[in-house]
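*Asks:* Below is the structure I would like to discuss, written out as structure tokens.
Where a number appears in this text, it was derived from the coordinates with a stated rule and is not lab data. As the structure is a prediction and not an experimental result, all values here were calculated from the model. When we count neighbours, we look across all protein chains shown, and the Cβ atoms used for this are built from the backbone with ideal geometry, even at glycine.
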Amino acid sequence: MTATSPLSPLLKVISHGIASIEAGCAARGVSYPSLDTPLTPQSLAIQESFVTEALPVIAAAHQLMATLMNPRSFFNTLLFGSLQSVALGIAEAGHVAEILKEAGPEGKSAADIAKHTALDPQKLAHYLRFLSGLHVFKEVSPDHFVNNRVSALLDTGKPVSEIVAHPEAKYDGAPGLASLAAANSDEYLRAASYAVETSSNPRTSRSPDPSSSPLNIAFGTSADLFGWYELPQNASRMRRFANAAGSLHWTSPALGGFDWSTLPKGGLVVDVGGGTGEMVTELARSYKNLRYICQDQPQVIDQAKKIWHENGDVLNGTVQFHEHDYFTPQPIKNADAFILRFTLHDWSDPYSIKILKHLRDAATPKTKLIVIDAVLPYNCHSTGEWDDIPGGEQPTSPAPLLPNLGVASSDITYIDLLLLQVTNTTQRTVGELAHVLEESGWNLDCIHRFAPPAFPQSVASPA
């Protein structure tokens, strides 16, 4: 009896998805962007409007590649994956995207590109050829390159002459992923090179301490990531990190998840570690009958107040800024809701539990806790353990695809492992999130999930 082919089901997913995308484009009178289409807000909007249809196609295409390739060849693409970070770092350091943008559609030779830096032309050509084989840049003739849609993400938008004259300010206010590519080929890659050593050393392997990360071993420091960035010798890295963190585009809609209208009139919402107040500002524009406090470290609150002073308080005092360290007791005892946004993933369980316990101690019986962070999906089908919690079970894809779509949803798994390298923490699965909540006196009520790449809102109540 002939075995069922593993290829046809994958081809069916791909064909169905592409047909759906092309039909949608035809109905709207637009064309789906190619790799040569300039990266503009308009073309990106077209691409993002079909994300639901595209994700299964991406997952199937990658699974088809893994199926068709010789296992050794496929394994090699993973084994030498760090070289992709190296090549991107070289391209970023050489300001290649900015140089090619100024060159226009004709592009430039590696020799001409290298004139702006100390890079060797021949070596640069090899790095760019490697990247163009991965659809980053395009080699249009031997050793001659142009930008494409993907390489444009390395463009800071600044003139090459300005970057060369003031390299320390290259990332200030810049869009794109140049700062992240630079950090990834510097401190993150160095940290990762010590991951095996850190994981094998009994002193560090099971330690929850933020000073037991691979980054600590790599740079010989006892400071956590944020303390390390604040060291005088890391001033340029800190400046770059500030831009890189913003370029990750971690998002979660303030609206559309938790029903803020269920809070009482005049209710108090406290955003713990809320930065410069982006989320409470968005909430205050829609829910004007509530009061808001944004808490963070003194230097962050000073920056927030400066921004509000420059822009004017358009919300008439409904948002206040308070200095607070979330590892100390929470001073607000009458909050109707606490928000923890992109915070817990920076801290291992004992530290996260300490943060959460301070909030539980300050909570009233009716206080809601809204945790905004990734909920890491499993690569297998659910056992139904979280069926009783609305949104507790992750959406899954049917066979033959991986339930979590694998590489199509890999952004979060990359960040998961990056956190392990630099903060000794991880993103949490629903089980891991429920554990830290339970240990700190909270019950997980529900999870509001959004379309990728937005992070979910996990809502908890006092136990």
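*Asks:* Sort 232-242, 395-405 for me by packing, meaning the mean count of neighbouring Cβ atoms within 10 Å per residue, highest on top. Please list the in-between numbers first.
*Replies:* Values: 232-242: 14.6, 395-405: 16.6.
Highest-to-lowest ranking by the protection proxy: 395-405, 232-242.
*Asks:* I want the local charge near residue 186. Using Cβ-Cβ distances under 14 Å, sum +1 for each Lys or Arg and -1 for each Asp or Glu among the other residues. If you can, show how the numbers build up before the last one.
*Replies:* Values: positive: 170, 190, 237, 239, 240; negative: 92, 187.
Net charge around residue 186: +3.
*Asks:* Another question, then. Roughly speaking, what is the stretch gain from residue 79 to residue 366, that is 0.36 nm per residue apart minus the C-alpha to C-alpha distance, in nm to one decimal? Each step should come with its number before you reach the end.
*Replies:* Numbers: separation 287, 0.36 × 287 = 103.32 nm, distance 5.10 nm.
Gain on stretching residue 79 to residue 366: 98.2 nm.
*Asks:* Amide H neighbours of residue 320 under 5 Å, at least 5 residues apart or on other chains, H built in the peptide plane: list them.
*Replies:* 292, 293, 294
*Asks:* Could you run the Karplus curve 6.51 cos²θ - 1.76 cosθ + 1.60 with θ = phi - 60° over the stretch 256-267 and give me ³J(HN,Hα) per residue in whole Hz, x for Gly and Pro?
*Replies:* x, x, 4, 8, 5, 6, 6, 6, x, 4, x, x
*Asks:* What do you get for the angle between helix 349-362 and the principal long axis of the chain? Use alpha-carbon atoms, 0 to 90 degrees, nearest ten.
*Replies:* The angle comes out near 40 degrees.
*Asks:* Ok, one more. Report, in degrees rounded to the nearest 10, the 0 to 90 angle that the Cα long axis of helix 430-439 makes with the longest principal axis of the chain.
*Replies:* 30 degrees
*Asks:* Run down the aspartates and glutamates and flag those whose C-alpha is under 13 Å from the C-alpha of residue 108, throwing out any fewer than 8 positions away in its chain.
*Replies:* Once the sequence-local aspartates and glutamates are set aside, what remains near residue 108 is 98, 139, 143.
*Asks:* Please report, in debye to the nearest 20, how large the charge dipole of the chain is about its Cα centre when each Lys and Arg carries +1 at its beta carbon and each Asp and Glu carries -1 there. Can you show the working numbers first?
*Replies:* Working: 33 positive and 47 negative charges, 41 e Å.
It works out to roughly 200 debye.
*Asks:* Going highest first, how would you order 257-265, 452-460 by mean Cβ packing within 10 Å?
*Replies:* Details: 257-265: 14.3, 452-460: 21.8.
Output ranking for 257-265, 452-460: 452-460, 257-265.
*Asks:* Let me ask something additional. Hand me the chymotrypsin sites (Phe, Trp or Tyr not before Pro) from the stretch 374-463 located in a DSSP loop with no more than 14 other Cβ atoms within 10 Å, in residue order please. Can you show the working numbers first?
*Replies:* Details: sites: 378, 386, 414, 442, 450; in loops: 378, 386, 450.
Qualifying residues, ordered by number: 450.
*Asks:* Another question, if that's okay. Using 29 Å as the Cα-Cα cut-off, could you pick out the over-long pairs in 101/305; 288/333; 101/306; 12/101?
*Replies:* Numbers: 101/305 37 Å; 288/333 21 Å; 101/306 35 Å; 12/101 39 Å.
Violating the 29 Å Cα-Cα cut-off are 101/305; 101/306; 12/101.
*Asks:* Then there is this: Tell me, in nm to one decimal, what length is gained between residue 242 and residue 186 on full extension, where the rule is 0.36 nm per residue of separation less the Cα-Cα distance?
*Replies:* Values: separation 56, 0.36 × 56 = 20.16 nm, distance 1.51 nm.
Length difference between fully extended and current span is 18.6 nm.
*Asks:* Could you grab the relative contact order for the stretch 314-463? Cα pairs under 8 Å, six or more apart, rounded to a whole percent. Walk me through the intermediate numbers first.
*Replies:* Details: 229 pairs, mean separation 43.5, N = 150.
About 29 percent, as a whole number.
*Asks:* Still on this structure, I have one more. I'd like to know which of 363, 343, 377 lies farthest towards the positive end of the charge dipole of the stretch 340-391, counting +1 on Cβ of Lys and Arg and -1 on Cβ of Asp and Glu.
*Replies:* It is 363, whose Cα lies furthest towards the positive end.
*Asks:* Would you calculate the separation in nanometres between label points at residue 42 and residue 333, each defined as 7 Å from the Cα along the Cα-to-beta-carbon direction?
*Replies:* Roughly 5.9 nm, to one decimal.
*Asks:* Applying the Karplus parametrisation 6.51 cos²θ - 1.76 cosθ + 1.60 with θ = phi - 60° to the phi angles of the stretch 404-417, what ³J(HN,Hα) value in whole Hz is obtained for each residue in order, glycine and proline being reported as x?
*Replies:* For the stretch 404-417, the Karplus curve yields 9, 6, x, 4, 5, 10, 7, 3, 5, 6, 5, 5, 4, 6 Hz.
*Asks:* Can you give me the long-range amide H partners of residue 339? Hydrogens built in the peptide plane at 1.01 Å from N, cutoff under 5 Å, separation of 5 or more residues or another chain.
*Replies:* 270, 271, 272, 370
*Asks:* Kindly write out, for the stretch 392-397 in residue order, the coupling ³J(HN,Hα) from the Karplus curve 6.51 cos²θ - 1.76 cosθ + 1.60 (θ = phi - 60°), rounded to whole Hz, with x marking Gly and Pro.
*Replies:* Taking θ as phi minus 60°, the curve returns x, 8, 5, x, 10, 9 Hz for the stretch 392-397.
*Asks:* Next question, about the same structure. Give me Rg/Rg_expected for the stretch 315-448, where Rg uses Cα atoms only and Rg_expected = 2.2 N^0.38 Å with N residues.
*Replies:* Working: Rg = 16.7 Å, N = 134, 2.2 N^0.38 = 14.1 Å.
In units of the 2.2 N^0.38 Å rule of thumb, it is 1.18.
*Asks:* Beta carbons within 10 angstrom, averaged per residue: use that to sort the peptides 64-74, 182-192, highest first. Walk me through the intermediate numbers first.
*Replies:* On the way: 64-74: 12.3, 182-192: 20.0.
Result, highest mean first: 182-192, 64-74.
*Asks:* Something else now. Would you pull out the residues with amide H under 5 Å of residue 428's amide H, same chain only if 5 or more places away, H placed 1.01 Å from N?
*Replies:* 376
*Asks:* Using 0.36 nm per residue of separation minus the Cα-Cα distance, give me the extension gain between residue 31 and residue 410 in nm, one decimal. Each step should come with its number before you reach the end.
*Replies:* Numbers: separation 379, 0.36 × 379 = 136.44 nm, distance 2.62 nm.
Gain on extension, residue 31 to residue 410, equals 133.8 nm.
*Asks:* Now for a different question. Tell me the relative contact order for the chain as a rounded percent, counting alpha carbon contacts under 8 Å between residues six or more apart. Let's see the in-between values first.
*Replies:* On the way: 726 pairs, mean separation 61.7, N = 463.
About 13 percent, as a whole number.
*Asks:* Give me the compactness ratio for the stretch 179-247, meaning the Cα radius of gyration over 2.2 N^0.38 Å.
*Replies:* Numbers: Rg = 12.3 Å, N = 69, 2.2 N^0.38 = 11.0 Å.
The reported ratio for this selection is 1.12.
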